[in-house]
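Notes for the one structure printed next.
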Amino acid sequence: MHLDNFVEIISGKLLNSPCISSINNFTSKLENVCTGDAFLSRDKNAIKEAINRGAYAIVSDECLDIIDNEIAWILISDINLSILKFIKYTKLMNSIDIYLFDDISFKIAKNIIKDKQVAIVSNVYELLESISQKNIIINFDILLFDIYFLQHSDVWFFNIIKQTMFEMRISFDNEEYNLTLPSMFTSHLNNVIAFCKQRYINIALYVDSSEFLPIFITSSARISEYGDAMRFVYASKNHNLIKQYIDFVVNAKWGIPLCLTDKQYNGIECRNFDSMESLIDVFMDCKYHFFIVEGIDSSDLIGSFKREDSGLSLF
């Protein structure tokens with residue numbers, strides 16, 4: 001790509017009169033820099049190494065000291081906008097398809113799609129590094145150009161042989177698979193499989209249960225292995241996931257749910273909580289079987305568990 005065209009595409013300003021007149025690729029990853037590339041600098045300390053690796057241009061939203069006048073130094077005002085403008089141009093030139101998945105479908109896709117022709121990315125920097133692919137799946141919205149949305153499939157691509165709250169045995173392509181996946185995500189799985197089948201994308205039906213399962217706890221608020229306890233805690237900052245889990249536990253008639261939140265939801269008792277420490281008393285209340293915690297992630301909650309000689313305990 002001619003240098004002047006590149007500068008115009010990313011809405012940049014050329015700060016010097018370099019010897020080079022064109023660039024090959026645009027990358028923000030130092031390890032990906034090859035001779036002839038433009039390097040997007042987010043760390044001044046990486047610039048010298050990028051030049052040593054053969055970068056022909058340095059792009060930054062900060063005014064930098066020009067340490068090599070033979071290469072191009074380009075100033076931009078908005079990193080994200082410049083990346084998206086470059087992606088928009090590349091998408092149009094190379095017929096790249098970008099698909100927006102909801103969070104659950106995105107996680108399922110990361111688990112089951114094994115096709116090297118498909119990139120699954122969660123931010124604009126990863127998207128920039130993936131524009132050589134023809135199919136890209138994202139979980140964040142982009143307003144600068146049109147993208148496709150994952151469609152709901154009314155056709156089922158697998159048969160459910162047996163299903164419980166968190167497990168299912170399915171038949172797919174004449175094979176049977178045991179998956180640990182909450183039953184409320186069954187349609188998400190089918191939508192992703194439909195997406196892949198329609199585009200001849202290779203998949204392998206293995207799901208990392210840690211991506212989807214809640215934390216199982218005992219009556220004394222100790223972490224339990226999956227299947228060893230009948231009580232669980234699910235925590236998320238994602239409002240849509242919280243609503244899905246509330247519907248999920250409300251329909252489980254054998255257990256009593258409690259939602260720890262500053263909001264009110266129909267069909268479930270809701271209670272506010274002051275701090276992570278205040279949750280311990282709540283989790284030890286054996287009146288409840290299912291705890292939905294809004295405002296923190298399960299990973300944050302797990303980080304608050306500590307190990308004791310007798311096992312795992314909250315706080």
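Bear in mind these aren't lab numbers, they're just calculated from the coordinates by the rules spelled out. For clarity, every value in this text was computed on a predicted model and none was experimentally measured. Positions of Cβ are generated from backbone atoms using ideal geometry, with glycine treated the same way; all protein chains shown enter the neighbour counts.
In units of 2.2 N^0.38 Å, what is the alpha-carbon radius of gyration of the stretch 49-185? Please list the in-between numbers first.
Values: Rg = 20.8 Å, N = 137, 2.2 N^0.38 = 14.3 Å.
Compactness ratio reported: 1.46.
Using only the alpha carbons of the stretch 207-287, determine the length spanned along each of the three principal axes and report them from longest to shortest in whole angstroms.
31, 30, 25
Quick one: grab Rg to one decimal and Dmax as a whole number for the chain, Cα atoms only, in Å.
24.5, 74
Round to the nearest 10 and give me the degree value, 0 to 90, for the angle of helix 103-112's Cα axis relative to the longest principal axis of the chain.
So the helix axis and the longest Cα principal axis differ by about 80 degrees.
Divide by every residue of the chain the summed helix terms, -39500 (n - 2.57) for each DSSP H run of at least 4, and state the resulting mean residue ellipticity at 222 nm, rounded to the nearest 500 deg cm²/dmol.
On the way: 9 runs with 80 residues, N = 315.
Theoretical 222 nm ellipticity from helices: -7000 deg cm²/dmol.
Going down the list Lys91/Lys116; Lys48/Lys107; Lys48/Lys110; Lys85/Lys110; Lys85/Lys243, which pairs span over 28 Å between their C-alpha atoms? Don't skip to the answer; put the middle values down first.
Working: Lys91/Lys116 18 Å; Lys48/Lys107 37 Å; Lys48/Lys110 35 Å; Lys85/Lys110 26 Å; Lys85/Lys243 35 Å.
Going by Cα-Cα distance, Lys48/Lys107; Lys48/Lys110; Lys85/Lys243 fall outside the 28 Å limit.
Indicate, rounded to the nearest 5 percent, the antiparallel portion of the DSSP beta bridges found entirely in the stretch 215-314. Intermediate results must be reported in sequence, preceding the final value.
Working: 8 of 20 bridges.
Rounded to the nearest five, the antiparallel share is 40 percent.
For Glu49 and Asn69, FRET efficiency with R0 = 22 Å and r from the beta-carbon atoms, rounded to 0.05?
Values: r = 19 Å, r/R0 = 0.84.
After rounding to 0.05, the efficiency reads 0.75.
For the chain, calculate the relative contact order in percent as a whole number, restricting contacts to Cα pairs under 8 Å that are 6 or more residues apart. Write down the numbers at each step before the final one.
On the way: 556 pairs, mean separation 34.6, N = 315.
Rounded, it is 11 percent for the chain.
Sorted by mean Cβ packing within 10 Å, highest first, what order do the peptides 196-209, 35-48 take? If you can, show how the numbers build up before the last one.
Details: 196-209: 14.6, 35-48: 17.1.
Packing order, densest peptide first, comes out as 35-48, 196-209.
So for the pair Ser171, Trp254, with labels modelled 7 Å out along Cα→Cβ, what separation do we get in nm?
2.6
For helix 79-94, report the angle its Cα long axis makes with the longest principal axis of the Cα atoms of the chain; keep it between 0 and 90° and round to the nearest 10°.
The two axes meet at around 80 degrees.
Given an 8 Å cut-off on Cα distances and at least 6 residues of separation, report the relative contact order of the stretch 91-208 as a percent.
Working: 185 pairs, mean separation 35.6, N = 118.
This gives 30 percent for the stretch 91-208.
Antiparallel as a % of all DSSP beta bridges within the chain, to the nearest 5?
Values: 22 of 53 bridges.
About 40 percent, rounded to the nearest 5.
Could you state the number of Å between the C-alpha centres of the stretch 92-141 and the stretch 194-212?
Here the answer is 13 Å between Cα centres.
Rounded to the nearest 0.05, what FRET efficiency do Trp156 and Lys116 have when you use their Cβ-Cβ distance and R0 = 45 Å? Please report the intermediate quantities before stating the final value.
Working: r = 28 Å, r/R0 = 0.61.
Using R0 = 45 Å, I get an efficiency of 0.95.
In Å and from the alpha-carbon atoms only, list the Rg and Dmax of the stretch 3-77.
Computed over the Cα atoms of the stretch 3-77, radius of gyration and Dmax are 10.6, 27 Å.
Highest mean first, how do 220-226, 151-157, 79-85 rank when packing is the count of other Cβ atoms within 10 Å averaged over residues? Show your work: numbers first, answer last.
Working: 220-226: 15.7, 151-157: 11.7, 79-85: 18.7.
Peptide ranking by packing, descending: 79-85, 220-226, 151-157.
Using a Förster distance of 30 Å, how high is the FRET efficiency between Gln163 and His239, based on the Cβ-Cβ distance and rounded to 0.05? Intermediate values should be presented prior to the final figure.
Details: r = 26 Å, r/R0 = 0.88.
Using R0 = 30 Å, I get an efficiency of 0.70.
Given 0.36 nm per residue, what is the gain on full extension from Asp262 to Met276 after removing their alpha carbon distance, in nm?
On the way: separation 14, 0.36 × 14 = 5.04 nm, distance 1.41 nm.
Result for the pair: 3.6 nm of gain on full extension.
In percent, what relative contact order does the stretch 3-77 have, based on Cα pairs under 8 Å that are 6 or more apart in sequence?
Working: 141 pairs, mean separation 26.2, N = 75.
Relative CO of the stretch 3-77 lands at 35 percent.
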